[in-house]
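Peer 1: First the structure, which I've put down as structure tokens, then a few questions once you've had a look.
The values are calculated or read from the model by the stated rules, or taken from the named source; none is laboratory data. Remember, predicted model here, so these are calculated numbers, not experimental data. Cβ atoms come from the backbone with ideal geometry, glycine included; neighbour counts cover every protein chain shown.
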């Protein structure tokens, strides 16, 4: 059986679904092919930290992309909440990056200086100011650097809302469907062969995240490595932290229902999605260096997921040398944040042949040689 669509999206994570929703709103017939269920992999395993500054150590192309994404986020959230009738837990509470020693303080000071020159907000808090603003941070910390415009979202709820928005926009979804191979004739994409039959389309977009290389069968190089991240969740009886707290060893995100999402490791472990004593112990040790107020919290669950990382830590966005074949993958730690801007620039590229933002630094063809 052969099914037809204008555009096939391979991968039903947040990147694939955001792009599908954007294209469908422009009148395209879009079909998402997902081997499991929508959003079950990295999109649901994340902590929902929307960091457009803390994770950016230099003013490069990724930094610019993150800034554009942050500007889009409030309106994108409004759209998804209106379409789905779900609250996605978007809050601009800021992030406090903790300097545990003099070396870390110097690194954060350099980062703060260039970001202030860019017109962004960063505040350096002394130990006393930190304790006044976050009373439960009781460790011997040199300083805190507060990034007030950073935000969080409940990524699981966000993914649910996005899935509803896609279906309401008319996006067809084929879950439990594995892509076996791409159908390419004369350097032109024709569709894909799946375990449930052939799907034909003039445009195919690889949004497969850590699986973008398709086991080496994808016809152009997409060198993405899965980096495993282990996560822990607890529940407190009251609000402990007012903002997201991050250190070199751990982070903690408090939801409005008093869940505490804590992480995370970054391990080159292939596709072995398991929890380890070493990994969980490392997170717990990092949390105890931040606050002992977490000690009475109730353990809820633990899980692991994969960050899709390229060697240069830049996503892969754009068209390939094969006519009609595109890639939007490799977002590393920024997938949740970059979803709306990725959807916009890729939709612009597919529908108009160009994007308002310069995405040449992210081109798939940088790996062609």
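Peer 1: Would you mention how many residues in segment 259-268 are outside any strand (DSSP E or B) and surrounded by 17 or more Cβ atoms within 10 Å (Cβ to Cβ)?
Peer 2: Residues meeting the conditions: 2.
Peer 1: Which members of segment 84-106 meet the condition of being under 19 Å from residue 122 (Cβ atoms) and part of a loop (DSSP other than H, G, I, E, B)?
Peer 2: Of everything in segment 84-106, those that are under 19 Å from residue 122 (Cβ atoms) and part of a loop (DSSP other than H, G, I, E, B) turn out to be 92, 93, 94, 100.
Residue-by-condition table, conditions (1) crowded, with 21+ Cβ neighbours inside 10 Å; (2) within 16 Å of residue 136 (Cα to Cα); (3) in contact (Cβ under 8 Å) with a residue 24 or more places away in the chain:
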site: 273; (1), (2), (3): no, no, yes
site: 287; (1), (2), (3): yes, yes, yes
site: 290; (1), (2), (3): yes, yes, yes
site: 298; (1), (2), (3): no, no, yes
site: 317; (1), (2), (3): yes, no, yes
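Peer 1: Restricting to segment 238-254, name every residue that is surrounded by fewer than 18 Cβ atoms within 10 Å (Cβ to Cβ) and either touching a strand residue (DSSP E or B) at 6+ places or on another chain (Cβ under 8 Å) or over 15 Å from residue 333 (Cβ atoms) (or both).
Peer 2: 238, 239, 242, 249
Peer 1: Any chance segment 170-192 includes a residue that's assigned by TED's automatic domain parsing to the domain that holds residue 34, touching a helix residue (DSSP H, G or I) at 6+ places or on another chain (Cβ under 6 Å) and on the phi < 0 side of the Ramachandran plot?
Peer 2: yes
Peer 1: Name the residues in segment 107-135 that are part of a helix (DSSP H, G or I) and closer than 15 Å to residue 247 by Cα, would you?
Peer 2: Pass one, segment 107-135, residues part of a helix (DSSP H, G or I): 107-117, 127-133.
Passing the criteria: 107, 108, 109, 111, 127, 130.
Peer 1: When only residues in segment 61-87 that are without any contact (Cβ under 8 Å) to a residue 60 or more places away in the chain and surrounded by 14 or more Cβ atoms within 10 Å (Cβ to Cβ) count, which is farthest from residue 21 (Cα to Cα)?
Peer 2: Within segment 61-87, the match that is farthest from residue 21 (Cα to Cα) is 63.
Peer 1: Shifting gears a bit: Can you pull out every residue in segment 193-210 that is buried (at least 22 other Cβ atoms within 10 Å of the Cβ) and either more than 24 Å from residue 344 (Cβ to Cβ) or not assigned by TED's automatic domain parsing to the domain that holds residue 351 (or both)?
Peer 2: 199
Peer 1: Now, a different point. Run residue 293 past the list (1) over 21 Å from the mean Cα position of the chain (by Cα); (2) assigned to a helix (DSSP H, G or I); (3) at pLDDT 95 or above and report the number of the one that doesn't hold.
Peer 2: Single failed check for residue 293: (3).
Peer 1: Which strands (runs of 3 or more DSSP E) does segment 1-60 wholly contain that include 1 or more residues that are at pLDDT below 95? Walk me through how you get there before you give the answer.
Peer 2: Details: elements: 2-4, 7-10, 30-33.
In segment 1-60, 2-4 are the strands (runs of 3 or more DSSP E) which contain 1 or more residues that are at pLDDT below 95.
Peer 1: Within segment 260-278, can one find any residue that is in the same structural domain as residue 304 (by TED's automatic domain parsing) and farther than 26 Å from residue 44 by Cβ?
Peer 2: No - not one qualifying residue is present in segment 260-278.
Peer 1: Among the residues in segment 114-121, are any surrounded by fewer than 17 Cβ atoms within 10 Å (Cβ to Cβ), in contact with a strand residue (DSSP E or B) (Cβ under 6 Å, 6 or more places away or on another chain) and not assigned by TED's automatic domain parsing to the domain that holds residue 6?
Peer 2: Checked segment 114-121: no residue is surrounded by fewer than 17 Cβ atoms within 10 Å (Cβ to Cβ), in contact with a strand residue (DSSP E or B) (Cβ under 6 Å, 6 or more places away or on another chain) and not assigned by TED's automatic domain parsing to the domain that holds residue 6.
Peer 1: Test residue 324 against the stated conditions and say whether it is farther than 30 Å from residue 127 by Cβ and within 22 Å of the chain's Cα centre (by Cα).
Peer 2: Details: farther than 30 Å from residue 127 by Cβ: yes; within 22 Å of the chain's Cα centre (by Cα): no.
So residue 324 does not fit the description; no.
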